[in-house]
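*Asks:* The structure's right below; bear with me while I get my questions together.
The values are calculated or read from the model by the stated rules, or taken from the named source; none is laboratory data. All figures in this text were calculated on a predicted structure; none of them were measured in a lab. No Cβ is skipped: glycine too gets one built from the backbone with ideal geometry, and neighbour counts run over all protein chains shown.
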Amino acid sequence: MSRYETVLRSRTREVVIGGSGPFCVIGERINPTGRKLFAEELRSGDLSRVGADAVTQVAAGADMLDVNAGIPLVDEPQLLQAMLRAAQDAVEAPICIDSSVVEALEAGLSVYEGKALVNSVTAEDDRLELILPLVARHGAAVVGLANDETGIPATAHERLRHVRKIVAAAADFGIGPEDVVIDPLAMTVGADTEAVTVTLETISLIASELGVNMCLGASNVSFGLPQRHALNAAFLPMAMAAGLTSAIMSTAEVCVQAVRAADLLLGHDPWGASWIAAHRARVAAEQTAAQQAPAAAP
């Protein structure tokens, strides 16, 4: 259990990561990486899929949305601003502003209405000095990746060392531990059979020693493998049991159901109230759909 609550806000909605509350599902879909058609639409100024993906993910159970505008040879600050406006107009969910370009993060924060989660900063000195003042100035929270200029550490204890540096540097800029969300780094198990073991150990160390909230790209674990949703759905409850409190992830039904079931089993859904309410809503929706379906021809 996290010792802290990270509070994020949109224009109208508040989401809390950590504490004793439920796991925070951050929809991963609004990202042109690996989506050729989406990238082409964005290049041409067509933002319709941004709004459609936002609505679909929230309907599927996303509490927040990740928005990424990383396309080569585009004006990323301008595009990210436009995508954020489109997402904010489509849904009420808070947003994780995702970019490695400092100018794009600044542009995104300038149009975001609420308290955003900035994704991300590493333990590199120059990145800390560029991004943390920006996060502090806009009153945002930040995702800190447990790596530096030398790459991704092979062991959990090395990653923990980077995490300590990020949390300390954030404090120097007036950003409290409640607004630092650590990415313990999920790597594909297809390339390294120990990758998930190291990630889970890292999560446990961070949870026990620092108590900060954590978020990772859950779909990374299954990259390059078949039946990716099944692998992701198995990984997420394991990570939650170790102390993970949020993830940028697929909102496929099997993945969201795995997370909500783990919330109940880990004591983050008292008396199963959310689990039962969701079940009743599904049953009601199925009954409505059945009543509205045209009668079969005799």
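*Asks:* Would a scan of the range 46-62 turn up a residue that is under 16 Å from the mean Cα position of the chain (by Cα), buried (at least 23 other Cβ atoms within 10 Å of the Cβ), under 17 Å from residue 82 (Cβ atoms) and of a type outside the set (Gly, Ala, Ser)?
*Replies:* The answer is yes; a qualifying residue exists.
*Asks:* Can I ask one more? If you scan the range 257-295, which residues turn out to be touching a Lys or Arg at 6+ places or on another chain (Cβ under 9 Å) and either among the acidic types (Asp, Glu) or exposed (fewer than 11 other Cβ atoms within 10 Å of the Cβ) (or both)?
*Replies:* Correct list: 269 only.
*Asks:* Against the conditions (1) touching a Phe, Trp or Tyr at 6+ places or on another chain (Cβ under 7 Å); (2) farther than 23 Å from residue 247 by Cα, where does residue 103 fall short? Just the number, please.
*Replies:* (1)
*Asks:* Please work out which residue is nearest to residue 207 (Cα to Cα), limiting yourself to the range 23-59 and to residues that are in contact (Cβ under 8 Å) with a residue 60 or more places away in the chain and in a strand (DSSP E or B).
*Replies:* 24
*Asks:* Give the range 143-188 a look and list any residue that's touching a Cys at 6+ places or on another chain (Cβ under 7 Å) and either of a type in the set (A, V, I, L, M) or surrounded by fewer than 21 Cβ atoms within 10 Å (Cβ to Cβ) (or both), or say none.
*Replies:* 143, 181
*Asks:* For the range 63-80, how many residues meet the condition of being small (Gly, Ala, Ser) and surrounded by fewer than 16 Cβ atoms within 10 Å (Cβ to Cβ)?
*Replies:* The qualifying residues number 0.
Yes/no matrix, rows are residues, columns are (1) touching a strand residue (DSSP E or B) at 6+ places or on another chain (Cβ under 6 Å); (2) over 22 Å from residue 25 (Cα atoms); (3) at pLDDT below 95:
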position: 70; (1), (2), (3): no, no, no
position: 83; (1), (2), (3): yes, no, no
position: 107; (1), (2), (3): no, yes, no
position: 113; (1), (2), (3): no, no, no
position: 147; (1), (2), (3): no, yes, no
position: 158; (1), (2), (3): no, yes, no
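*Asks:* Surrounded by fewer than 16 Cβ atoms within 10 Å (Cβ to Cβ) and within 21 Å of residue 6 (Cβ to Cβ), is that true of residue 40?
*Replies:* No; evaluated as a whole, the condition is false for this residue.
*Asks:* State the number of residues belonging to the range 79-107 that are small (Gly, Ala, Ser), assigned to a helix (DSSP H, G or I) and in contact (Cβ under 8 Å) with a residue 40 or more places away in the chain.
*Replies:* 2
*Asks:* With respect to residue 218, is the statement that it is more than 21 Å from residue 251 (Cα to Cα) and surrounded by 15 or more Cβ atoms within 10 Å (Cβ to Cβ) true?
*Replies:* When the stated conditions are applied, residue 218 does not pass them.
Matching residues to (1) modelled with pLDDT of 95 or more; (2) under 19 Å from residue 154 (Cβ atoms):
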position	(1), (2)
200	yes, yes
204	yes, yes
235	yes, no
244	yes, no
252	yes, no
279	no, no
296	no, no
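*Asks:* Which pairs have Cβ atoms under 8 Å, sit 6 or more apart or on different chains, and link a residue in the range 194-221 that is closer than 13 Å to residue 183 by Cα to one that is of a type in the set (S, T, N, Q) and part of a helix (DSSP H, G or I)?
*Replies:* 216/199; 218/232
*Asks:* Another one. When you go through (1) under 16 Å from the mean Cα position of the chain (by Cα); (2) among the polar types (S, T, N, Q); (3) within 20 Å of residue 15 (Cβ to Cβ) one by one for residue 232, which number turns out not to apply?
*Replies:* Going through the list (1) under 16 Å from the mean Cα position of the chain (by Cα); (2) among the polar types (S, T, N, Q); (3) within 20 Å of residue 15 (Cβ to Cβ), residue 232 breaks only (3).
*Asks:* List every residue pair whose Cβ atoms sit under 6 Å apart, with the two residues 6 or more apart in sequence or on different chains, where the first one lies in the range 1-22 and is outside any strand (DSSP E or B) and the second, anywhere, is hydroxyl-bearing (Ser, Thr, Tyr) and surrounded by 17 or more Cβ atoms within 10 Å (Cβ to Cβ).
*Replies:* From residues that are outside any strand (DSSP E or B), the pairs are 2/245.
*Asks:* If you scan the range 101-139, which residues turn out to be surrounded by 23 or more Cβ atoms within 10 Å (Cβ to Cβ), under 18 Å from the mean Cα position of the chain (by Cα) and of a type in the set (A, V, I, L, M, F, W, C)?
*Replies:* Those that are surrounded by 23 or more Cβ atoms within 10 Å (Cβ to Cβ), under 18 Å from the mean Cα position of the chain (by Cα) and of a type in the set (A, V, I, L, M, F, W, C): 105, 116, 117, 118, 121, 135.
*Asks:* Given the criterion aliphatic (A, V, I, L, M), over 20 Å from the mean Cα position of the chain (by Cα) and either closer than 20 Å to residue 30 by Cα or at pLDDT below 95 (or both), identify the matching residue among 256, 283.
*Replies:* 283
*Asks:* Which of the residues spanning the range 208-222 are within 17 Å of the chain's Cα centre (by Cα) and not in a helix (DSSP H, G or I)?
*Replies:* Correct list: 212, 213, 214, 215, 216, 217.
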